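K.L.:
First the structure, then my questions, so here it is.
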Amino acid sequence: MRKQIPLFSIFALLIGFSAHAINFSRVNVAWQYDVAFDVKMAHRVVKDEAGMFVFLKVSSDSIDYWTYEFLLQEEYESEAHRTIQSPSLDTLVDVNGQVLLKLNLNQVKENLLVVKFSKPEQFYYYDISLRIGSLSYPSIYPINEQRLPILESYINRSGHQWVGSDTLLAMQYLEVAPPADPPMADMKPLAPQVKLDSSFVFSESPDFRENYFYNVRKDSLATVGVTILRVPPYFPEYRKLNELIESMLYLTSEQEKKAMLGSKNPKESFDSFWLNTYSTKSRARNAIRKYYNKLENSNRLFTDYKPGWKTDRGMMYIVFGKPDEVYRSASSEEWYYDNGGAFEFTIISSFFAPKTYTLRRSRDFEEQWYTQIAAMRR
């Protein structure tokens, strides 16, 4: 049932206009990459004939102690914003510290929705782009068995369906997209280059195959679609030996990785690498735990049409850890570390992802990389 604001006690949505917008080039949003942070958010934007709406999921152990505002502004560095006046919200879930909302934005002309949430003297911002370059978002979206929207860019089990059309076109691609380029690798094209495996029309629950990704559209004439990666049930973890070895790319040399995969006994070679690198079983176990925990987090945070560890941001997260400061614009994202490290990602749009983040290589990137890898292997 649709309810008007106020919806429930945690959402104190103010009415009015503000003179100054949120300048994301000066606002640190590193909390979004901290999996231990108290508040977690996820969203999906949908545009249909009736207008635009946003699904927003908020999860927090202390959800009752935060207040929220919804702000609209033109861009990431706009001069002014306005608070949504009496927004129309549907509450889809409200249980056990998790709220799933549907926010209707039928007459909105701005390009950026900002969720401001706060406690006394603590302010945080979550940004939602309402445009894909010159395009809008598709009218279709996936739902789970409870008929709730799937907000992640991946699905790890069968049984999902789609909303927005009686029949849909699925273009199937085998997930063989290469991982991000460490300094010792040959540079690959910025935009993904993958070969179409097959396509099919479906009307109910599609049979998506593991380790393939799909671009789903209303029909062959549609200019936008939704990309979904089909992953194993245990994702974002990795459990199979070949997955564990393959994802060691950023810690090993290419020769070391190939030697493990080509060994007569890959498990023995895998164990020997960690033990030889870290000298004792306890240090090896700790290093394995730490490395694959960062890999799981990168899959959770950065997966798009390929697993998060294969993306440029996932690579940097695994090697350098979560950034201490993150600043955004419409075309770039900057990471800073307290030890002096700084990295910039250029944002481009591709057929498969509204935003693809590509690391901009600086002159001292290679030196920082090898210094960090040497520290990880000590």
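The values are calculated or read from the model by the stated rules, or taken from the named source; none is laboratory data. For clarity, every value in this text was computed on a predicted model and none was experimentally measured. Methodologically, a virtual Cβ is constructed for each residue, glycine included, from the backbone with ideal geometry; neighbour enumeration extends over all protein chains shown. Remember, those area values only see protein heavy atoms, side chains included, never the ligands or the DNA or RNA. Shrake-Rupley method; radii C 1.70, N 1.55, O 1.52, S 1.80 Å.
K.L.:
Roughly how many nanometres apart are two label points built 7 Å out from the Cα toward the Cβ at Ser263 and Arg377?
P.N.:
It is 1.6 nm.
K.L.:
So for the pair Arg26, Ser332, with labels modelled 7 Å out along Cα→Cβ, what separation do we get in nm?
P.N.:
Roughly 1.8 nm, to one decimal.
K.L.:
Hey, can you find the accessible area per residue of region 226-308 for me, probe 1.4 Å, expressed in square angstrom?
P.N.:
48 Å²
K.L.:
In percent, how large is the relative contact order of region 273-348, given Cα pairs closer than 8 Å and 6 or more residues apart?
P.N.:
16 percent
K.L.:
Give the residues of region 319-334 whose amide nitrogen is closer than 18 Å to a point set 7 Å from the Cα of Asp364 in the direction of its Cβ.
P.N.:
320-321, 324-325, 334
K.L.:
Multiply the residue gap between Ser253 and Ile347 by 0.36 nm, knock off their C-alpha separation, and tell me the result in nm, one decimal place.
P.N.:
The span from Ser253 to Ile347 would gain 31.0 nm if fully extended.
K.L.:
Report Rg(Cα)/(2.2 N^0.38 Å) for region 108-218, keeping two decimals.
P.N.:
Dividing the Cα radius of gyration by 2.2 N^0.38 Å gives 1.38.
K.L.:
What does the convex hull of the alpha-carbon atoms of region 27-152 project to on average, in nm²?
P.N.:
8.7 nm²
K.L.:
In Å, the Kirkwood hydrodynamic radius of region 201-240 over pairs of distinct alpha carbons?
P.N.:
11.9 Å
K.L.:
Using only C-alpha atoms and all pairs of different ones, pull out the Kirkwood radius for region 141-184 in Å with one decimal.
P.N.:
13.2 Å
K.L.:
With each run of n ≥ 4 DSSP H residues scored as -39500 (n - 2.57), what mean residue ellipticity at 222 nm is computed for the chain after dividing by its residue count and rounding to the nearest 500 deg cm²/dmol?
P.N.:
Only helices count here, giving -5500 deg cm²/dmol.
K.L.:
At 1.4 Å probe size, with no ligands or nucleic acids counted, give the accessible surface of Asp94 in Å², nearest ten.
P.N.:
For Asp94, the solvent-accessible surface is approximately 100 Å².
K.L.:
So which trypsin sites (Lys or Arg not before Pro) in region 241-286 end up in coil per DSSP with only 13 or fewer other C-beta atoms within 10 Å?
P.N.:
Lys264
K.L.:
Report the percentage of all Cα-Cα pairs in region 286-360 whose separation exceeds 21 Å, rounded to a whole percent.
P.N.:
Within region 286-360, distances greater than 21 Å cover 25 percent of Cα pairs.
K.L.:
Exactly which chymotrypsin sites (Phe, Trp or Tyr not before Pro) in region 224-260 are in a DSSP loop and have at most 15 other Cβ atoms within 10 Å?
P.N.:
Filter output for region 224-260: Tyr234.
K.L.:
Additional query: Let me have the relative contact order for the chain, percent, based on Cα pairs under 8 Å that are six or more residues apart.
P.N.:
Relative contact order for the chain comes out at 14 percent.
K.L.:
May I pose another question? When the chain is fully extended, how far beyond the present Cα-Cα distance does Leu148 get from Val95, taking 0.36 nm per residue of separation?
P.N.:
Once the chain is fully extended between Leu148 and Val95, it gains 17.7 nm.
K.L.:
Among Phe352, Val115, Leu135, pick out the residue whose Cα is farthest towards the positive end of the charge dipole of the chain, where Lys and Arg carry +1 and Asp and Glu carry -1 on C-beta, about the Cα centre.
P.N.:
Looking along the dipole axis, the top candidate is Phe352.
K.L.:
Another question about this same structure. Please report Rg over Rh for region 255-298, where both radii come from the alpha carbon positions and Rh follows the Kirkwood definition.
P.N.:
1.02
K.L.:
Would region 197-301 count as rounded, prolate or oblate if I go by the C-alpha gyration tensor, calling it rounded below 1.5 in a/c and otherwise prolate when a/b exceeds b/c, oblate otherwise?
P.N.:
prolate
K.L.:
Per residue and in cubic angstrom, what volume does the convex hull of the Cα atoms of the chain have?
P.N.:
161 Å³
K.L.:
Calculate, in nm to one decimal, what Ser136 and Ala36 gain on full extension: separation in residues at 0.36 nm each, minus their alpha carbon distance.
P.N.:
Full extension from Ser136 to Ala36 adds 32.7 nm.
K.L.:
Additional query: Share of the chain's accessible area from carbon and sulfur, percent, 1.4 Å?
P.N.:
About 48 percent, which is the carbon plus sulfur part of the accessible surface.
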